[in-house]
Amino acid sequence: MNGEKLLRLPPRIKVLEAIGSIGDGRITVVNDREARVLSSLGDREYRVVIERLDSSKYRVYSSDNGTIYRGYIGYPIIAFLMLKGVIPIDRDVMKAMTGIPWKELNEKYKKYSIVERIVMDRAERIGVPRNIVNDYINIVMKKLRVMKLFFDEKLSK
């Protein structure tokens, strides 16, 4: 597509960040194609735009670092796709991922695998088994794998 870049699959933990942002009530849907997502610390706001091209192709924009600088599907895009009903929401996983200081954990441990283990342990302590969380991540990743999300800077305007 003209100058648009196909986004890569995100790190697994971004699925959990996405559903956690919904549970925390940090997403404001502006209209059918646009949302604003507040960061876990509340110090940044990401603008997300999603335009459906066909059943599995989308033009997207998000101002988060993962999308812009690392070229993967950032958690604000995943969260908006969840709210739009394109990607399923698991209420138990959402409850388990609510109230997590994602940025603090990511900066402190600097490895997504460590942060994932911490949030999985927390989920188990509140009654959501690790296998349920893993199954949910796998479902979302499988759905993202069949989708084509093209980053389009022009949507930022």
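Things to note:
- Count of the stretch 4-31 residues, restricted to those that are assigned to a loop (DSSP other than H, G, I, E, B), in contact (Cβ under 8 Å) with a residue 12 or more places away in the chain and not hydrophobic (A, V, I, L, M, F, W, C), is 6.
- Test: residue in the stretch 36-47 that is in a strand (DSSP E or B), hydroxyl-bearing (Ser, Thr, Tyr) and at pLDDT 95 or above: yes
- Single residue of Ser62, Ser40 found to be among the small types (Gly, Ala, Ser) and either in contact with a strand residue (DSSP E or B) (Cβ under 6 Å, 6 or more places away or on another chain) or surrounded by fewer than 19 Cβ atoms within 10 Å (Cβ to Cβ) (or both): Ser62
- Each residue in the stretch 79-101 was checked for being over 23 Å from Glu34 (Cα atoms) and either buried (at least 19 other Cβ atoms within 10 Å of the Cβ) or more than 18 Å from the chain's Cα centre (by Cα) (or both), and 4 of them qualify.
- Considering residues of the stretch 102-157 that are among the small types (Gly, Ala, Ser) and loosely packed, with under 14 Cβ neighbours inside 10 Å only, the residue nearest to Ala79 (Cα to Cα): Ser156
- Contact map, the stretch 122-135: residues that are farther than 11 Å from Val93 by Cβ paired with residues that are at pLDDT 95 or above and outside any helix (DSSP H, G or I), Cβ distance under 8 Å, separation 6+ or inter-chain. Pairs shown: Arg122/Ile100.
- Total residues in the stretch 34-52, condition in contact (Cβ under 8 Å) with a residue 12 or more places away in the chain and within 20 Å of Phe150 (Cβ to Cβ): 9
- Selection count where residues are touching a Phe, Trp or Tyr at 6+ places or on another chain (Cβ under 8 Å) and under 13 Å from Pro76 (Cα atoms), scope the stretch 1-18: 6
The values are calculated or read from the model by the stated rules, or taken from the named source; none is laboratory data. From a predicted model like this one, the values you see are computed outputs, not experimental measurements. We place every Cβ from the backbone using ideal geometry, glycine too, and count neighbours over all the protein chains shown.
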